[in-house]
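Contents: one structure, followed by commentary.
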Amino acid sequence: MTQIVHRIVPEEFHNTLLEAGLSPLMARLLASRNVTHVDQLNASLANLLPPHTLTCNEAMARLLADAIAGHKKILVVGDYDADGATATAVAVKGLRAFGANVDFLVPNRFEYGYGLTPEIVALAASRDPDVIVTVDNGIASVDGVAAANLRGIQVLITDHHLPGPEKPEAACIINPNQTGCEFASKHLAGVGVIFYGLLCLRAELRQRGVYAQKPEPNLTELLDLVALGTVADLVKLDDNNRILVEQGLRRIRAGVCSPGILALLRVSGRPHQSVNAQDLGFYVGPRLNAAGRLDDMSIGIRCLLADSDAVATPLAQQLHDLNLQRRGIEADMQDSANYSLEALDVQNQFTVSLYEQDWHQGVIGILASRIKERFHRPVIVFADAGDGLIKGSGRSIASLHLRDALDLVSKYQPDLLLKFGGHAMAAGLTIRQTDFTRFRDSFEQVVKSLITEADLESMLEVDGSLPYEDFSFHTAKALEAQVWGQGFTPPLFFDAFEVLNQRVVGEKHLKLSLKLINESLNANAAVIDAIYFNQAAFIAERIQAVYQLQTNEYNGTQRVQLNLRHVVT
C-alpha cells in the first residue's frame, strides 16, 4: 500500500521566493525543498564551499605538491562504480595537468573486492609507485594501508564513506565524513572530494610560485566528470553539490566536455545540448557502471580519459553493449527472484534475503534495489563468490540505516559476517554459504528491533495539484532546467484525470490520452499525452495519478507529456 503524502510548503520561504521574482509554482516547489532564499539557487562557482575548510585538505595539497616536485610516481587506486570511475578520471586528468607522473589501478570486483586491500597493494607494488592516492575508497582500509606502509609506499586517502572504528595510518586523509571534519557539506561524492583536493593543490602550487611564469590548469574542465559521478552515486544534492552538477551540465550542453561523456550520451540516444541531471543518472551512469558490474571498470575510465571522439566512441559502444548484456542478466535474475518470492510471506516479514548460486555478483545490487522498490523493505541479495563464500548486496529504506543494522548482526553473531561495509541506504557483506539461513533469520530479528510496521508502508511525496495553466511546454522546460536529484527530488504532482485513450507500446508500457478533471475547466480542456512505464494492463477510465511533467520530442515535434509514476483508481 502506497501512502500519498503532500509536501509541506513553509509560508515564510514561499513568500521570500515570490518576492525575489520566482513564479508561484517554482516558489512552491523550492520552498517545500527547504530553499529559504534565492541566493541558494545561484550556481556560481564563487558560491562553492572553500576548499581549505575540508579538514586536512591543505596538508594533502602540500604532500601532493611535494610528490610532483620530487617527480614521484603516483598511482590512483579507485573503485569500480561510476563515482569511482569519474573520481579516478578526475584524479588522473587533474594531477597530469599539474605535471604529475600518474597512472591508475581499479580492482576487479570479482577478484579483489572493494577498497585498498593488502592484495591490491601487492598488485599496485608491481607498478613501483612512490605514492598511492585512493579515490572513493580507503577510509576503512586499515590492513591495506598498513601493507603499503610496510612496502614504503605513502598512502593519501580521498574518500566520502563513513569511517569504521579504526582509522587507517595513512599519511593524510580528506573525507567530509571522517571524525572531526567540520566541512559544511557531508554529501560530497568521491569525485567531489578529489576535485576539492585538486582545488587546494592548485592553491598550494600557486603559493609556491609554480604559475608565476605560466598559466594555471583550468580545473573547471573537470566539472562534467564531477557532475556525472555526483549524480550517479545518488548523494544528496545539497546547495554545494547542486552547484557542481549545474556547472558540469552547462559544460556538457555546450559540448566543451569529456569526449567520453559525449560518446556515452550519443549511444544512449540523448542529445548533449539539452542534457539534465536525470539523463546522467538514468542513461550515462548505468552504461558506465556496466563495465564494473560485468567486466573491468578500466574500460569506463579509459572512455572518460579519452582525448578524442575517435578514441571515446568505440569504448562508449563497448560500454553500451555491456549494459545491454547486464539488462539481459538482470531480467533472468528477476524471473528467478519472482519465483523465490512467491514462496515467501513477504508482507509479514520486515526484510527480504535471497540467494541463488547462479546469480551474477555484479548485478545483485540492482536486483536488491528492484525488490526493495517493490516491497518497501530492506533487501539483501547474495551470489556465489567461490570457496564456499557468498557475497551480498543490500538496499534499505529511509527508516533503517543498513550498515548500522549489519553492525548489530555482527555484534550478536560475531562469527557470522566475514566482511561488511557501506552506508545508510546500501551495503555489502560476505558470509559462508552454509550460514545463509542463519544470516537471514538474524537480519530479520535485528531489523524488527529497529523499525516498526509503520516504517514498512511506502510513502510517495507529492507537490499537490498542478494548475491547468502550467500544463505547458514552457513550464516543463523550466522544470527540466532545474537540477533535481537525491534529496532534492524532481517534482511529482497529483491530480484526477479522465482516460480518453490507452494502448500498449513496446509490449510493456501504456501510452495514454488524458483530460484533467477539474470543475473550473470547461469541457473543451486540452487532451494531454501520457506514458505509464512498465504497465501493460489497461487502467480505469477515471484515475488519480502521481506524475511528472516532461517534454517529449517525436518526429521533430516537441510536446508536453506526463510520466505517470503511480495510479489510484
Could you run through segment 132-149 and say how many residues are hydroxyl-bearing (S, T, Y) and out of contact with any strand residue (DSSP E or B) (no Cβ under 6 Å at 6 or more places or on another chain)? 1
Which residues, taken from segment 480-493, are buried (at least 20 other Cβ atoms within 10 Å of the Cβ) and either at pLDDT below 95 or farther than 18 Å from S465 by Cα (or both)? V483, W484, G485, F488
Of those in segment 305-323 that are within 17 Å of L294 (Cα to Cα) and not polar (S, T, N, Q), the residue surrounded by the fewest Cβ atoms within 10 Å (Cβ to Cβ) is D321
Determine if segment 192-203 includes at least one residue that is within 30 Å of L406 (Cα to Cα), modelled with pLDDT of 95 or more and not β-branched (V, I, T). yes
Matching entry among A476, A526 (being surrounded by 19 or more Cβ atoms within 10 Å (Cβ to Cβ), aliphatic (A, V, I, L, M) and in contact (Cβ under 8 Å) with a residue 24 or more places away in the chain): A476
Restricting to segment 433-457, give me the number of residues that are buried (at least 16 other Cβ atoms within 10 Å of the Cβ) and either closer than 30 Å to E111 by Cβ or small (G, A, S) (or both). 6
Of the residues that sit in segment 121-165 and are part of a loop (DSSP other than H, G, I, E, B), farther than 16 Å from I74 by Cβ and among the small types (G, A, S), which one is modelled with the highest pLDDT? S141
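The values are calculated or read from the model by the stated rules, or taken from the named source; none is laboratory data. Everything numeric here is computed off the predicted structure, so don't read it as measured data. Counting neighbours? That spans all protein chains shown, and the Cβs are built from the backbone with ideal geometry, glycine included.
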